[in-house]
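Quick notes on the structure that follows.
The values are calculated or read from the model by the stated rules, or taken from the named source; none is laboratory data. It should be emphasised that the depicted structure is a prediction, and the values quoted were computed from it without experimental measurement. A quick note on method: Cβ atoms are made from the backbone with ideal geometry, for glycine too, and the neighbour counts reach across all protein chains shown. Surface accessibility is based on the protein's heavy atoms, side chains included, excluding ligands, DNA and RNA. Shrake-Rupley method; radii C 1.70, N 1.55, O 1.52, S 1.80 Å.
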Amino acid sequence: MLRFTAVKVGESLITFVLAAIVIFFGVRSLPGDPALAMAGEEATPERIAQIRADLGLDEPVVVQFWKFLTSIVTGDLGESTRTGQQVTEMIATTLPVTLWLAAYAILVAVVAGVLLGMLAERFRGRLPEALANFAALVGLSVPNFWLGLLAILLLAVTLGWFPASGYVDVLSDPLRGLYYLTLPAVILGTSLAAVITRQTRASMIETMGTDYVRTARAKGLSRPRILFRYGLRNSLIVLVTIIGLQLGGLISGAVVTERIFALPGLGKLTLDAVFARDYPVIQAVVLVITLAYILINLAVDLLYSVINPTIRTGAAKA
């Protein structure tokens, strides 16, 4: 287990370093001059040159890249060129909003997806399966931004069941905070719930047709016990894979949802930074999202080895 974990951690570190290189040069390939954006269109060349010097943009790219790597190690990601605020403080303020939204969305998606998938397997060839498949098809087909606008119009504006926008800190007021996050979380988790529904249904159908399930039935075990003890348990690897891959997508995909519902998360911070050519903030946000992807994939790999020990045994032999 220790060797397997060490190998996966080493692979994650290499991936992070390569991602940092791509982020650094990718941000600098964006069109526009951040110094010109800060100074304004009517600024003098001297003023623009001064701003470039203050930002370190007049230094060689190698020097800039070295400072970028050093800032990652030290945790000092610099100051925003737009507001002058420390980037780490800006991320510390906005990241919890995105994490709460993503966690709530994946909870909604897992509960809804697993229940619908199990319902579809239980009533194969009947109306409940057709309804579950139709719900999954709608979830995969309808874009989140359009579904979010419809939800605001119907559930917030017309019926008044949920707030159309705003955010309340979940830690300071849990019930009100979750209430404000419910509609955005449902919209964000819709597509993931659809994927989980289809995969759970397919995995459950395959598992319930195996020999050991037929043996359990012959021994007189009840269907609910077989369903949860054998069917759902043996579908965990598929579910963990989907959840692990989609969780990173939820964090990055929350940009649009946060914009629609006016949530002060990483989405708003990212868009504001892109429009202002705020290099330090853009780099830091993309770096955080990349790190989230890497850590989630690492956690998924480690969960694999817990659910199915043969995975780490095979990796150790290789």
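For chymotrypsin sites (Phe, Trp or Tyr not before Pro), the sites in the stretch 144-208 that DSSP calls loop and that have at most 14 other Cβ atoms within 10 Å are Trp161.
Scanning residues 5 or more positions from Glu79 or on other chains, those with amide H under 5 Å from its amide H are Val87, with H placed 1.01 Å from N in the peptide plane. Shown in residue order for the stretch 64-79 are the 3J(HN,Hα) couplings computed by the Karplus curve 6.51 cos²θ - 1.76 cosθ + 1.60 at θ = phi - 60°: 4, 5, 4, 5, 5, 5, 4, 5, 5, 5, 7, x, 9, 8, x, 10 Hz (x for Gly and Pro). For the stretch 144-233, the solvent-accessible area works out to 56 Å² per residue, with a probe of 1.4 Å and every protein chain left in place.
Net charge within 13 Å of Glu89 by Cβ-Cβ distance, Lys/Arg positive one each and Asp/Glu negative one each, not counting Glu89 itself?
Details: positive: none; negative: Asp76, Glu79.
My count for the surroundings of Glu89 gives -2.
With the contact rule set at Cα under 8 Å and sequence spacing of 6 or more, what percent relative contact order holds for the stretch 96-179? Please report the intermediate quantities before stating the final value.
On the way: 30 pairs, mean separation 13.4, N = 84.
Relative contact order, the stretch 96-179: 16 percent.
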